[in-house]
Amino acid sequence: KSMSVFELFMDPIVYIRFITQFSPILFSFLAIIDSAYNMTLKGILYVFGATLTMSIGKLLSASFPFRVPGVEDGMKESDFATSKLKSDKYGFNNPKYHPSCNLISKPDHAGWGTFYSSPDMYSLFYSFTLIYIITSMIKNNDFNIFILSILLFFFLLSSYFRTNVFYCVQFRDILIGMVIGSFIGFLWFMFISI
């Protein structure tokens, strides 16, 4: 069934998915704006740490044997471009790549999010952010449940979309992202504190 442009914009689920997909960019942008407004380096240091975490995740992704759903675990990048994958199992036209899985890489590029699935990039980002903020709150004895709730909500929502709607990753990829992101978030906070 085709959908008109008007129907597309009237669907609240479309808005929720859109905001969820771009939430890491929005949170990073807000951190930089907060830094500029308060004339501190806190937000800029956080964004630098998040960027470093994502770079580490990209480097680590090729060392895991896990591939995005629809691609056989352990398949080599050289085999990816010539592979003929069936789409029936996952319910969308091209299981090699769903545009929502990676907003940076091109569909024909075998990279993190289009070919490699571990660690999940959103799980990595949110785990880094949550641990970084929680550690800061513990150190300063100043808890903001509202901020933590928003981050946790977007983390759970993005995990649901990425595993059950877009089929970008599997649950194991989210767990791996959580472990790595939490570890780097804690180390980054300790480094910044020193």
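No value in this document is a laboratory result; all are computed from the given coordinates. What you see is a predicted model, and the numbers here were worked out from it, not measured in a lab. Here the Cβ is made from the backbone with ideal geometry for all residues, glycine too, and neighbour counts use every protein chain on show.
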Mind listing the phi-derived Karplus ³J(HN,Hα) values for segment 153-168, rounded to whole Hz, using 6.51, -1.76 and 1.60 with θ = phi - 60°, and x for any glycine or proline?
4, 5, 5, 5, 5, 5, 4, 5, 4, 6, 9, 10, 10, 8, 6, 7
Output wanted: per-residue J couplings in Hz (rounded whole) for segment 19-30, from phi through Karplus 6.51 cos²θ - 1.76 cosθ + 1.60, θ = phi - 60°, x for Gly and Pro.
4, 5, 5, 9, 4, x, 5, 4, 4, 5, 4, 5
A chain fully extended from residue 30 to residue 139 at 0.36 nm per residue, minus the present Cα-Cα distance, gains in nm 37.0 nm
Can you compute 3J(HN,Hα) from phi for each residue in segment 38-52, using the Karplus curve 6.51 cos²θ - 1.76 cosθ + 1.60 with θ = phi - 60°, rounded to whole Hz and x for Gly and Pro?
8, 6, 10, 9, 3, x, 5, 5, 4, 5, 4, x, 5, 5, 4
Work out how much length residue 22 to residue 38 would gain on full extension: take 0.36 nm times their residue separation and subtract the Cα-Cα distance, in nm to one decimal.
3.3 nm
May I ask you to derive the FRET efficiency for residue 51 and residue 153 from their Cβ-Cβ distance with R0 = 30 Å, giving the value to the nearest 0.05?
0.85
